[in-house]
Amino acid sequence: MLWIFLLGIPLVGAFVTLAVSNGVAKVTAEVIAGIEVLAFIAFLVGPRATLDLSWIPAWGIRFHLTADGLALFLLGLTAVMSLVAIFASKADYGRTYFFWVLFLEFASMGLFGAVDLFLFYVFWELVLIPVFFLLTGWSGARGRLAALKWLIMNLFGSLFMLIGVVAVAVIYQQNTGHFSFEIASLTHLAISPAAQPWIFGSFALAFAIKAPLWPFHGWMPDAYGEAPPPITSLVAGVLSKAGVFGFLRVMLPIFAPELARYQTGLLIWVAVGLVYGAFMAVRQRDMKMVTAYASLSHLSMIALGIFSLTAAGIVGATFLMVAHGLMVGGLFLILGVVEERIGHREFNGVMGLNQGAPRLATYFLFFALAALGLPGLPGFAGEYMIIQGLVAHEVVFAGIAGFVLVVAAWYMLRLFQGIMQGRPNAPAVADLSRGQVAWLVPMALLIVVIGVWPAGITSQAVPSLFHAVHFVADRGGKN
Amino acid sequence: MQGLTEILLLPLFGAVTIGAFKSLAPKRYAGIWASVLLVASFVLAVLADVHLAELAAGHRVISGTLFNWATGFGPKIAWNIYLDPLSGIWLLVITGVGALIHIYSNGYMHDDPDRGRFFGYLNFFIFSMLLLVLAGNLLVLLIGWGLVGLASYLLIGFWYQRPSAVQAAKKAFVMNTIGDVAILIGLALLYFRFHTVTYAGLFSTFAHATPNTAYFEWTAVLLFIGAMAKSAQFPLNGWLVDAMEGPTPVSALIHAATMVTAGVYLMARLYPLLRLAPDVAYAIAAIGAFTAIYAASSAFFQQDIKKVLAYSTLSQLGYMFLALGVGAYTAGVFHFMTHAFFKACLFLAAGSVIHALGGEQDLNQMGGLYKKMPWTTASFLAATLAISGIPPFAGFYSKEAILGQVFNSGHGLLWIVGVITAGMTSFYMFRLFLLTFFGAPRNKKLYDHAHEAPAVMTVPVVILGILAVIGGFFGSWLNGWLAPVFRMYPGASHAALEAGPVFGTVITVGLAVLAFFIAYWLYVLKRTAAKAGISTWPGKWMLAAYGVDTGWRNVAILPIQVVGTWFRDRIDQGILAAVVGVANGIWLWAEDLRPVQSGYVRRYGLSIMVGLGVILAYCLTRV
C-alpha cells in the first residue's frame, strides 16, 4: 500500500502542479515533495512494504517494487533531494518546470524500487524524458545541445540494455521453459560462454553511460554545466546513482560469475576514471566543471567499491551513493547561488567573496569538506569502507584510491579558496538569504548525522547486500 | 566514564555556541566564554587523571563506548573512548596549556574584528585534539586526526584575505591528507587481518604474532607516514613553517605544543606494533635524527622570529621520534611534555614581542627589547635555556634522557647526530634571543612604541616560563606514571627512563655552552646583523630548508598539473568529439525519415515518450 503512495504522490502531484497557476506552482510542488518525504519516513519506520502485481502474465512480467537495504536510502535520497531542489528553484520557472521535476522524482522512485528487470527498464527509460525537457526548456545557451547529447548517449546505452534484457529473458525461458523478469529468479542462468561478454557488456555500457563512468561521460560537461542548478543537483546527486545502482541491482545477482572473472579488468577501468576525474578537476577553470569531474571521480570510487566484490566494498559503495548524493547535490546548489550572484562560472585567480558573504563561505566550505572526504563526514565513511574492501585482495587499488583522496583535497580547496578567499577582487555579493539557509541547515545536519553515525544506514543496508556478496562467493568469486 | 564525555563535549559546546551566537553577543564574550570552558575542561581532566591514579597499577584504564560508528561488513566499529596514563598526559597538556593559550589570546586578538570566529575555531581544535587522544580505536583516532587537520587549516588561514595565509592553509591540509590516507589504509589492513581496530583488541593479539613479516612492516610504515605528516617529519615538513601564517597563539597551541605531537602520541601508543616491525622502528629513529639536524641547520639563517621557532619545533619533534624509534618511550613522552611548556612559552613570548611591535616579525627590526619587556624577556630566556639543554632547566632532563638511551641502545651514529644537534639548537636559539632582546634597537621607531604586554598575556607566559624551569623535575614521577602503560603489552622493555653516560652529558652541555658563547660573540660583541650571510650559498640553502618545497613542486604538483592539462586539452576533447561523431552518424541515418523530422528538439523527446507508450500499450493488449 505504501508503495502506491510513494509512487502516486509525485505522479499525481506532478499533474496537480500542472493544473494550478504559475504563481502557486512552486508552493504546490514544495508541499507535494514535502508529503513525499513524510511518506518515505513512514516507510522507514513502518514495515518494509513491497508491491507485487501481475502485469503481463504471458511474459512473466510483474509490477514488482521493493525497498531492500540497497534501495531504501536511495529512495530517501530521491525524496530529500527533490524537495531541496524544488526549494532552491526559482518560482518563475513556471508550472511545467515543477511538473517535470516531480515527474522525475516519480520515475527515480520507481527505478530504485523496481526488482523486475522489465519494470526496471521501463523506469530506466522514463527518467530520460523529464531530464531531457528540463535541459531543453530551462537551461543556458547550449541547453538544447546538452539535451540532445544526454538523450542520444543514453538511448544508445538503453538500446544495448534492451537487447540484454531480452537476451536474459530468452535464456531464462530456454533454461526453464517459461518467462520471468524477476531479477531474483534470473540468478542461475546458464549463459553460453560466447554470449556472456556481450550480454554482460550491454548492461555495463548502459550503466556506465548513465552514471557516467569514464570514458562514457561525453554528455556530462554540457548537461551539468547548462542545466539550472537544481537540475544539475538532481542529475548529479540522484540520477548518477542509477548507473552504479544498476551494477548492484542487476549485475551482481545475474552476472556474479562474470563480475568475478572480469574483476581485475573492471577495477583497472574504473581506477583510470578515478584518477582521470581527479586530475581533470584540478585543471578546470569553470567552477561547475570542477565539481562535475570530481563527481566523475567519486562515481568511479563507488564502482571501485562494487567491483572489490567484498562486503565492506559493497556496503561502502551503497553508503557512498547516498552520501555523495547529498554532498555533491548540495555543492552544485551552492555553486548555483555563487553563479547567480557573480553572473559567470569562471574562477580565474582570486575572487575573495568571503568578505561580503561569510555565511555563503561557511556552507560552501562545509560541502567542499564533505566532498573531499573529511574524517567525521560521510564521504570519509564510505571511502573507508571501500578501501577496507579493496585491501582484502586488491591492495594496489586501495593505494590508488588513497592517492586520489589527496588530489581531492587539493582540487576542492582550490575551488573553495579561489572563489571565497584571498583579497577581495570582485564586487561584494549578497550573502545567503534566510530562505536559502533554511534548506541548507537541514541538509548540513543530515550530512553530519550520517557522517557521525554511518551505522544508521549500513546496518539497514546489510541483509540484502550480504546475500549478494555471499552469492558472489558461492559462485566462484572471491571473498 | 568519569567525565570523559563531558571533557570531550565542553569545547565542542563552546565552538557551537560561539558559532551560533557570535553575531549576537559583544565580541569580548566569545574569548571569555571559550577560556572559561577550557579551564573547566582542565579541571575535569585533572579529576579524570586523579581517578585514574586511584585504580590499581595494572588496571589504569577507563574506557567506554558511546554508540556504533559503522556495522554491516564485519565486526562493528564503535565510538570507543579510552583513557590510560599515556592519553592522560596528553589530556593534561592539551587542556592545561590550551587554557593558558586561550587566556593569552584574549589579549592578543583583542583588536581583531573577527575574534569570535577565532575562539570558535580554537575551541573546535581542542575538541578535535581531545577526540584524537581519547579515542579507543584507530578509526576514532583518525576522525580526531582529520578534524585537528581541519582546525589547523581554518586557523592557519584565519586571515583569509592574505594570499600567503590561504596558500599555507591549503598546503597544510593537503600534506596532512597524505598522512590521513596512510593511516586509513594502515588501519584497513589491521581490520582485515584482526577484525578489530580497538587498541585493546589489536594489542592483545599482537602479543602472539610473529615479528618481521611484510604485513607488519607495511602496516607500521603506513601508520608512521601518518605520524610523519602530522608531526612534520622530513620530507613532509614544508607545511609547518608556512603554517606560521596563522595568528601566533595558534602557532603556540597547534603547531608547537599539541597537534604536531599527535604523531609522537600515535607511535608511543602503537609500541606493540613497532615491536613487530623493528626495521620500521629503526627508520623512525633515523628519520627523527635526520629531521632534528636538518631543521636545526635550517633555523640558522632565518629572518623571521616565528620561523626560527617553527624550525626548532621540527627539530625537537625529531628528537621525540628518535626516542620512540630506539624504544625510549617514556623519554619521548617526557620531551613532549617539557617541549610543550618551553615551546608554548617561546611562541607566546614571541607573540608578545610581535604584538608590541605592531605585527613586525623580522629580526632585523628588533633588538634591545629587554628594557621594555622584562617579564617577556625573562620567560623567553628561561625557555631558551630549557630548549638549549642547560641544566637544571626542563629541556636538559628530557633531552639527556633521550640521548642517554640512544647511546645505551647502541645507536652510535644517531647519538652523534643528536649531540651535534643539541649544540646547534643552543646556537640558533641564543641567536634568536640575543637578536630580539639584546644589542642596540635596530628600528628606533618600533622600539619607542614597544611596551610590555598586558597582564592577560604576560601571566600565561610567565606560568609557562616557570614550567620551563621546573618541568624537568617531573621526570621520575612521569616514569612511574607511564610504567603501567608500557608494561601492559610486550614491546617496551626499555621504555623507562635510563641514565646515559656521564661523558655524554658533559659533551652535550659543553657544546651547548660553547654555542652560547659563539652566539654571544657574533651577535652581541660583533653586532652581526640578522641578515648576515643569507646571500652566501649555504645561507641560501639553509634559508630555503634545502629546497624541499621545490622538490615537492617538481615531483608531485607539476606532474599532476601537466597530466591534468593533457587530459583536459587532448583526451577529454577527443571524448567529447566522439559523442558528436556518433550523434552525427545517427543523424545521417535518420535523414531517411525526413518527413517526420521537424528539427525541433522537443519533438524528439515527445516521440520517444509516445513510442514508449505504444510499446507498453502493445504489451498490455497482448495479455
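Among the residues of the range A:13-21, is any in contact (Cβ under 8 Å) with a residue 12 or more places away in the chain, part of a loop (DSSP other than H, G, I, E, B) and not assigned by TED's automatic domain parsing to the domain that holds A:Gly329?
For the range A:13-21, residues in contact (Cβ under 8 Å) with a residue 12 or more places away in the chain, part of a loop (DSSP other than H, G, I, E, B) and not assigned by TED's automatic domain parsing to the domain that holds A:Gly329: present.
Give the range B:17-33 a look and list any residue that's touching a residue at least 12 places away in the same chain (Cβ under 8 Å) and within 29 Å of B:Val133 (Cα to Cα), or say none.
Answer for the range B:17-33, where residues must be touching a residue at least 12 places away in the same chain (Cβ under 8 Å) and within 29 Å of B:Val133 (Cα to Cα): B:Thr17, B:Ile18, B:Gly19, B:Lys22, B:Ala30, B:Gly31, B:Ile32, B:Trp33.
Looking at B:Ile156, is it more than 10 Å from chain A (Cβ to nearest Cβ), touching a residue at least 12 places away in the same chain (Cβ under 8 Å) and over 13 Å from B:Thr258 (Cα atoms)?
Here the answer is yes, as B:Ile156 does meet what is asked.
Among the residues of the range A:255-272, is there at least one that is under 29 Å from A:Gly164 (Cα atoms), at pLDDT 95 or above and within 14 Å of another protein chain (Cβ to nearest Cβ)?
Yes - at least one qualifying residue is present in the range A:255-272.
Out of B:Ser409, B:Ser398, B:Ser426, report the one residue that is open to solvent by 30 Å² or more (accessible area, probe 1.4 Å) and hydroxyl-bearing (Ser, Thr, Tyr).
After applying the criteria, what remains is B:Ser409.
Mind checking which pairs have a first residue in the range B:53-67 that is modelled with pLDDT of 90 or more and a second that is open to solvent by 60 Å² or more (accessible area, probe 1.4 Å) and among the polar types (S, T, N, Q), Cβ under 8 Å, 6 or more apart or different chains?
B:Ile62/B:Gln2
Can you tell me which of B:Phe203, B:Phe234 is at pLDDT below 95 and either in a helix (DSSP H, G or I) or open to solvent by less than 10 Å² (accessible area, probe 1.4 Å) (or both)?
Answer to the selection: B:Phe203.
Counting only residues that are more than 11 Å from every other protein chain (Cβ to nearest Cβ) and touching a residue at least 40 places away in the same chain (Cβ under 8 Å), give me the helices (runs of 4 or more DSSP H) lying completely in the range A:291-399 with at least 3 of them.
Of the helices (runs of 4 or more DSSP H) lying wholly inside the range A:291-399, those with at least 3 residues that are more than 11 Å from every other protein chain (Cβ to nearest Cβ) and touching a residue at least 40 places away in the same chain (Cβ under 8 Å) span A:311-342, A:358-371.
Hydrophobic (A, V, I, L, M, F, W, C), open to solvent by less than 40 Å² (accessible area, probe 1.4 Å) and more than 28 Å from B:Gln365 (Cα to Cα) - does that describe any residue in the range B:496-504?
Just the residues of the range B:496-504 that are hydrophobic (A, V, I, L, M, F, W, C), to begin with: B:496-497, B:499, B:502-503.
After this cut, where a residue has to be open to solvent by less than 40 Å² (accessible area, probe 1.4 Å) as well, the list is none.
Among the residues of the range B:496-504, not one is hydrophobic (A, V, I, L, M, F, W, C), open to solvent by less than 40 Å² (accessible area, probe 1.4 Å) and more than 28 Å from B:Gln365 (Cα to Cα), which makes the answer no.
All but one of (1) open to solvent by less than 10 Å² (accessible area, probe 1.4 Å); (2) of a type outside the set (Asp, Glu); (3) closer than 30 Å to A:Tyr276 by Cβ; (4) at pLDDT below 95 hold for A:Ala401, so report the exception by its number.
All conditions are met except number (4).
Against the condition assigned by TED's automatic domain parsing to the domain that holds A:Gly379, over 30 Å from A:Leu83 (Cα atoms) and open to solvent by 30 Å² or more (accessible area, probe 1.4 Å), how does A:Val396 come out, does it pass?
yes
To keep it simple, each residue is scored yes or no on (1) in contact (Cβ under 8 Å) with a residue 40 or more places away in the chain; (2) under 17 Å from B:Tyr311 (Cβ atoms); (3) not in a helix (DSSP H, G or I).
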| residue | (1), (2), (3) |
| --- | --- |
| B:Arg527 | yes, no, yes |
| B:Ala530 | yes, yes, yes |
| B:Ser535 | no, no, yes |
| B:Gly539 | yes, yes, no |
| B:Val548 | yes, yes, no |
| B:Ile571 | no, no, no |
| B:Gly574 | no, no, no |
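Return the residues of the range A:405-440 that are within 11 Å of chain B (Cβ to nearest Cβ), open to solvent by 30 Å² or more (accessible area, probe 1.4 Å) and part of a helix (DSSP H, G or I); say none if nothing qualifies.
Across the range A:405-440, the qualifying residues are A:Trp410, A:Arg414.
Quick check on the range B:178-194. Is at least one of its residues touching a residue at least 40 places away in the same chain (Cβ under 8 Å), more than 8 Å from every other protein chain (Cβ to nearest Cβ) and surrounded by fewer than 22 Cβ atoms within 10 Å (Cβ to Cβ)?
For the range B:178-194, residues touching a residue at least 40 places away in the same chain (Cβ under 8 Å), more than 8 Å from every other protein chain (Cβ to nearest Cβ) and surrounded by fewer than 22 Cβ atoms within 10 Å (Cβ to Cβ): absent.
Give all pairs with beta carbons closer than 9 Å in which a residue from the range A:102-130 that is at positive phi meets a residue that is surrounded by 23 or more Cβ atoms within 10 Å (Cβ to Cβ) and not charged (D, E, K, R); count only pairs at least 6 apart in sequence or on separate chains.
Once the first residue is at positive phi and sits in the range A:102-130, no partner that is surrounded by 23 or more Cβ atoms within 10 Å (Cβ to Cβ) and not charged (D, E, K, R) comes close enough.
Checking A:Leu205 against (1) open to solvent by less than 10 Å² (accessible area, probe 1.4 Å); (2) in a helix (DSSP H, G or I); (3) more than 23 Å from A:Glu394 (Cα to Cα), which single condition isn't satisfied?
(1)
The values are calculated or read from the model by the stated rules, or taken from the named source; none is laboratory data. Just so it is clear, the model here is predicted, and its values are computed rather than measured. Here Cβ is always computed from backbone atoms with ideal geometry, including for glycine, and neighbour counts include all displayed protein chains. Quick note on the areas: whole protein, heavy atoms, side chains included, nothing else; ligands and nucleic acids left out. Shrake-Rupley method; radii C 1.70, N 1.55, O 1.52, S 1.80 Å.
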